[in-house]
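The values are calculated or read from the model by the stated rules, or taken from the named source; none is laboratory data. Just so you know, these numbers come straight off a predicted model, no measurement behind them. Cβ placement follows ideal geometry from the backbone for every residue including glycine, while neighbour counts extend to all protein chains displayed. For the accessible areas, the whole protein counts, side chains as well, though only heavy atoms, and no ligand, DNA or RNA atoms are used. Shrake-Rupley method; radii C 1.70, N 1.55, O 1.52, S 1.80 Å.
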Amino acid sequence: MRVLLQSRTTLFSVPGGDTVQMRQTAAALERAGCHATISTELEPDLTGYDLVHLFNLTRPQELYLQARNARRRGRALVLSPIYVSYRDYERCARGGVAGWLARRLGPGKVEYLKILARALRNSELNRGTAHLLLKGYGTLQRRVVELAGVLLPNSESEMARARLDLPYLRLKPYVVVPNAVDHELFGPPPVGAAPNGEDRRCVLSVARIDGLKGQLTLVRAMKGLPWPLVLIGKPAPNHLAYFEQVKREAGPNVRIIGELNHAGLPPYYRAAKVHVLASWMETTGLSSLEAGAQGCNLVITDRGDTREYFGDQAYYCEPGSVASLREAIIKAYEAPSDPLLSERILEHYTWDRAAQRTLEGYRLALDQGGLSC
């Protein structure tokens with residue numbers, strides 16, 4: 001079977017969790033004997049492809065054209081929604097004009113304005129953007145879902161949230177495909193494998209640097225604590241002022257490394273006692289899975305789908321609360337490491353396992369069109 005994986009045009013210029021998910025899914029599908037290619041083109045030639053797999057419903061302007069292209073050419077279509085809600089962040093933590101508007105407008109209108117702003121500021125203007133501006137954000141989301149045959153959410157929790165916000169999703173069949181880790185890269189850490197001879201003494205956060213991910217709250221929560229803080233991540237293009245504020249408030253115990261490729265992350269996970277992802281929303285938090293697999297204790301947001309993945313094997317915090325985050329960090333640092341967390345992640349949440357679930361969704365979509373895998 002030949003599959004084309006598609007998503008937003010900025011997938012590689014502004015990488016995120018969806019970038020990792022697509023790359024790892026494609027690699028795992030290849031290992032499973034399925035030819036998989038990634039494309040950000042809006043209307044590519046689909047000659048030779050059996051199925052199109054779309055990712056990230058929060059960017060419907062590109063997905064709409066990609067979905068329409070697939071259906072016009074008679075290809076089966078599946079969708080990984082990666083459905084998030086930024087409502088809490090927009091209303092509670094976002095400053096400036098954007099925050100003022102978010103507190104007065106509905107989520108769909110806020111996303112509409114954000115897409116318009118990106119088109120003007122970052123030159124993210126294409127024919128899909130024009131369709132969204134004419135038809136509306138919610139209308140385009142609905143059209144993408146209607147064109148898709150099968151949905152592949154990352155958790156039951158994500159599907160429930162999406163159905164609550166978008167009731168028409170209830171008509172769609174779905175297969176849960178959990179997020180995962182690279183078993184070879186993030187497998188059990190070798191004894192003593194820490195950079196510069198360090199032995200799990202720092203607090204680490206691996207994430208894109210922006211207000212949604214909450215690094216400023218983390219920097220404030222770490223003030224006065226005796227452990228070094230390491231931040232790894234690239235500032236988001238529209239959050240450079242936030243990044244500058246993080247740097248201004250970072251004390252001498254904070255080290256900001258910048259973006260690293262995945263192959264460079266394991267030594268830092270192995271040097272950390274605690275990994276923090278105090279976001280306003282996470283479907284999972286890929287870096288939390290990776291850090292947990294490498295033996296870190298986890299401090300994570302209580303918003304989103306994190307409890308379905310980590311249960312009681314993590315320390316939860318309220319995003320935006322310095323006191324809540326500080327308390328969770330102290331508890332996690334002072335607690336012994338939990339080897340059962342690493343074992344559970346590496347047993348249940350690998351990309352090869354996720355690929356098998358993905359193939360189940362593909363077979364279901366192909367069967368709907370009278371085809372077989």
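Hey, what number do you get for the chain at 222 nm if only DSSP H runs of n ≥ 4 count, each worth -39500 (n - 2.57), divided across all residues, to the nearest 500?
Numbers: 16 runs with 164 residues, N = 373.
Here the helix-only value at 222 nm equals -13000 deg cm²/dmol.
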Seminar exercise, completed: Pairs over 21 Å Cα to Cα, from K223/K273; K135/K213; K223/K247; K135/K172, come to K135/K213; K135/K172
Seminar exercise, completed: If the label point sits 7 Å along Cα→Cβ of E30, residues of region 249-289 with amide N under 20 Å come out as 261-265
For this session: Answer with one residue from A271, A328, L218: the one whose Cα lies farthest towards the positive end of the charge dipole of the chain, charges on Cβ with Lys, Arg +1 and Asp, Glu -1.
Result: L218
Exercise. Pick the calculated semi-axes √(5λ) of the Cα gyration tensor in Å for this structure from (i) 34, 25, 17; (ii) 35, 22, 19; (iii) 47, 21, 20?
Worked result: (i)
Exercise. What is the gain in length, in nm to one decimal, between A241 and E347 on full extension, counting 0.36 nm per residue of separation less the C-alpha to C-alpha distance?
Worked result: 34.1 nm
Exercise. Taking Cα atoms, how many degrees apart are the long axis of helix 60-72 and the longest axis of the chain, rounded to 10 and kept between 0 and 90?
Worked result: 40 degrees
Problem set entry | q = 0.13, 0.14, 0.18, 0.24 Å⁻¹: log10 I(q)/I(0) that the Debye formula gives for region 251-359, counting C-alpha atoms only | -0.50, -0.58, -0.95, -1.50
Problem set entry | Dipole of the chain [Lys/Arg +1, Asp/Glu -1 at C-beta], most positive-end residue of Y137, C34, A180 | Y137
Exercise. Percent relative contact order of the chain, based on C-alpha pairs within less than 8 angstrom and at least six residues apart?
Worked result: 17 percent
Exercise. Assigning unit charges at the beta carbon (Lys, Arg +1; Asp, Glu -1) and nothing else, what dipole magnitude in debye, to the nearest 20, does region 1-90 show about its Cα centre?
Worked result: 240 debye
Problem set entry | Order of exposure, largest accessible area first, which applies to Y174, Y137 with probe 1.4 Å | Y174, Y137
For this session: About the Cα centre of the chain, how large is the charge dipole given +1 on each Lys and Arg Cβ and -1 on each Asp and Glu Cβ? Please answer in debye to the nearest 20.
Result: 1320 debye
Problem set entry | Using alpha-carbon coordinates, inclination of helix 156-165 to the longest axis of the chain, degrees | 60 degrees
For this session: List, in order, the whole-Hz ³J(HN,Hα) value for each residue of region 217-223 obtained from phi through the Karplus relation with A = 6.51, B = -1.76, C = 1.60 and θ = phi - 60°; use x for Gly and Pro.
Result: 4, 5, 4, 5, 5, 7, 4
For this session: Give, rounded to the nearest 20 debye, the magnitude of the charge dipole that region 214-373 has about its Cα centre when Lys and Arg contribute +1 at Cβ and Asp and Glu contribute -1 at Cβ.
Result: 580 debye
Exercise. Which far-off residues, 5 or more places away or on another chain, put their amide H under 5 Å from the one on Y316, with H placed in the peptide plane?
Worked result: I300
Exercise. Taking only Cα atoms, what is the 0 to 90° angle, nearest 10, from helix 339-348's long axis to the longest principal axis of the chain?
Worked result: 10 degrees
Exercise. Ignoring ligands, DNA and RNA, what accessible area per residue does region 1-85 give at 1.4 Å, in Å²?
Worked result: 32 Å²
